[in-house]
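What follows is a short report on a single structure.
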Amino acid sequence: MSCFIVSNQTLANVVAEVRETGSDAPAVLSELCEPPAKKSLLGNQLYLMNCAAFKARYGEEDLPPVTPLDEWPAPSKCPYERLKSIRCLLYQCAEGDIPETWVEYAALEAVAGDLAYSIVRETEQYEAAKGWE
């Protein structure tokens, strides 16, 4: 498996999804978003988690600096892109003991699951599927 530092676009998409999830987001993530003055805390914490995974994989100290949140690109409004961004970040952070030791990892997995369900339940295939019997 390889690991890379995700793009600012990916982080912006993840942060936006958590912020818009609101009270449904796991507390460990939503606390990093409130009050609004703390909006960069979540992005910075997720970046640090990504860096820790990168270091666990490659042992490198020279990581690219993260752009401050107010300079990040506008997040995508597409739920599919947001889900893919969350899954990308989770995959890149699945190194070393990150999944077991960073509470943000498990919280993001919960956000990803909720978002995936919200996408699927809006499809005709889900509506037509048997199983609610």
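Points worth noting:
- Scanning the stretch 87-97 for residues that are over 13 Å from the mean Cα position of the chain (by Cα) and either surrounded by 14 or more Cβ atoms within 10 Å (Cβ to Cβ) or assigned to a helix (DSSP H, G or I) (or both) turns up GLU95, GLY96.
- Hey, VAL111 of a type in the set (A, V, I, L, M, F, W, C) and either at pLDDT below 90 or outside any helix (DSSP H, G or I) (or both) or not: no
- Taking the stretch 47-86 as the range and being surrounded by fewer than 17 Cβ atoms within 10 Å (Cβ to Cβ), under 12 Å from ILE5 (Cβ atoms) and at pLDDT below 75 as the test, the residues that pass are GLU60, ASP62, LEU63, PRO64, PRO65, THR67.
- Subset of the stretch 104-133 that is closer than 30 Å to ALA52 by Cβ and out of contact with any helix residue (DSSP H, G or I) (no Cβ under 8 Å at 6 or more places or on another chain) - its residue that is surrounded by the most Cβ atoms within 10 Å (Cβ to Cβ): ALA110
- Residue count, the stretch 1-46 (criterion: over 26 Å from SER118 (Cα atoms), of a type in the set (S, T, N, Q) and at pLDDT 90 or above): 0
The values are calculated or read from the model by the stated rules, or taken from the named source; none is laboratory data. For clarity, every value in this text was computed on a predicted model and none was experimentally measured. Quick reminder, even Gly has a Cβ in these numbers, built from the backbone with ideal geometry, and neighbours come from all protein chains shown.
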